[in-house]
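Asker: Sharing a structure here in structure tokens format.
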Amino acid sequence: MAPKRGFGATWWGRRWLEVLESFGWDTRLRRGRAYARAGNVLEIDIKPGVVSARVQGSRPRPYRVSIEVKTLSDREWERVTGIMAGRAVFAALLLAGEMPRDIEEAFRQAGLSLFPRSAGDIRTDCSCPDWANPCKHIAAVYYLLGEKFDEDPFFLFLLRGRTREQLISALREKRAARAEQEQGEEIAQAFPEPAGPPLEGQLDRFWDEGEELAGLRFWPVPPEVEAGLLKTLGPPPFWKGKEPPEVVLAGIYRLISRRAQEEWPGDSDRGTG
């Protein structure tokens, strides 16, 4: 004897059925479970906010079932994906075919719900003559939806208005923007803005020594080795002169040293300030 076909193998598949039962449909849903297990749902197609199916009933011609679920607006998806992007594990789990355990909390923080909140969020139609809603044909499709959600959690997001590609792309974009923002904040903390008025308004006083330097004293002294730094570093890669740079620049360095001593005369034995 073949095992009974199960529905709601995952927590999110079970959650889907539990939500529908909470609308007072548990008795009616059970009527369609046997239809679903027997394979009477011949085909099912899921598009954003709409499920179309054909269900074989007692008549030769299958019944046509339509289920419409209220989708979230673009602005609502922006809110919830912004919250989801704050958890790197969300995208990782979804790509692995798993629904994050706290996904409903992310929707609640955005003031939304992943699953329908009330029976009013769902509109159904069946071509059968049964007046009950849900009839057993609609109920059978509900169970098949739970099975589809078990296989791929992205079908649940599709029913609420977002494809797999749209959702993952939004999460990646927001994760990248968040990472860039965090990096910018780290740089700002490492290199804070200097205190004081903006530099643009101080350009005419750029060379003024200011109060901080008023008491600073200098006692320039000649170097022990003339052009010592140039000799140590050697010629730069761009140097094209015939003579070494220390020879060419030595005279300029001597002139600068002499002018410095003239500008700040003092006792050379006191060293540099």
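The values are calculated or read from the model by the stated rules, or taken from the named source; none is laboratory data. These numbers were taken from a predicted model, which means no experiment stands behind them. Positions of Cβ are backbone-derived with ideal geometry, glycine not excepted, and every protein chain shown enters the neighbour counts. Surface areas here come from the heavy atoms of the whole protein model, side chains and all, with no ligands, DNA or RNA. Shrake-Rupley method; radii C 1.70, N 1.55, O 1.52, S 1.80 Å.
Asker: When you go through 58, 22 one by one, which is the residue that is more than 29 Å from residue 169 (Cα to Cα), within 36 Å of the chain's Cα centre (by Cα), at pLDDT below 95 and of a type in the set (Ser, Thr, Tyr)? Spell out how you get there, then give the answer.
Answerer: Working: 58 fails: within 36 Å of the chain's Cα centre (by Cα).
None of the other options fit; the residue is 22.
Asker: Hey, among 89, 69, 50, 41, which residue is touching a strand residue (DSSP E or B) at 6+ places or on another chain (Cβ under 6 Å) and without any contact (Cβ under 8 Å) to a residue 40 or more places away in the chain? Before you say what the answer is, go through the steps one by one.
Answerer: Values: 89 fails: touching a strand residue (DSSP E or B) at 6+ places or on another chain (Cβ under 6 Å); 69 fails: without any contact (Cβ under 8 Å) to a residue 40 or more places away in the chain; 41 fails: without any contact (Cβ under 8 Å) to a residue 40 or more places away in the chain.
One residue alone meets the criteria, 50.
Asker: In the range 148-161, which residues are of a type in the set (A, V, I, L, M) and either within 14 Å of residue 97 (Cβ to Cβ) or surrounded by fewer than 17 Cβ atoms within 10 Å (Cβ to Cβ) (or both)? Can you show your working first?
Answerer: Going residue by residue through the range 148-161, those that are of a type in the set (A, V, I, L, M) are 156, 158-159.
If the condition is that a residue be of a type in the set (A, V, I, L, M) and either within 14 Å of residue 97 (Cβ to Cβ) or surrounded by fewer than 17 Cβ atoms within 10 Å (Cβ to Cβ) (or both), then 156 is the only one that fits.
Asker: A further question on this structure: In the range 119-128, is there at least one residue being of a type in the set (Asp, Glu) and under 24 Å from residue 77 (Cα atoms)?
Answerer: Within the range 119-128, the subset of a type in the set (Asp, Glu) is 121, 125.
Now drop any that are not under 24 Å from residue 77 (Cα atoms), which leaves 121.
Scanning the range 119-128, I find at least one residue that is of a type in the set (Asp, Glu) and under 24 Å from residue 77 (Cα atoms), so the answer is yes.
Asker: Do you know which residues across the range 93-147 are basic (Lys, Arg) and either at pLDDT below 90 or open to solvent by less than 30 Å² (accessible area, probe 1.4 Å) (or both)?
Answerer: Applying the first criterion (basic (Lys, Arg)) to the range 93-147 yields 101, 108, 117, 123, 136.
Listed by number, the list holds a single entry, 101.
Asker: Kindly state which helices (runs of 4 or more DSSP H) lie completely within the range 162-273 and contain at least 1 residues that are loosely packed, with under 10 Cβ neighbours inside 10 Å and modelled with pLDDT of 70 or more. Reasoning before the result, please.
Answerer: Details: elements: 164-190, 228-233, 245-263.
Where helices (runs of 4 or more DSSP H) fall fully within the range 162-273 and carry at least 1 residues being loosely packed, with under 10 Cβ neighbours inside 10 Å and modelled with pLDDT of 70 or more, they are 164-190, 245-263.
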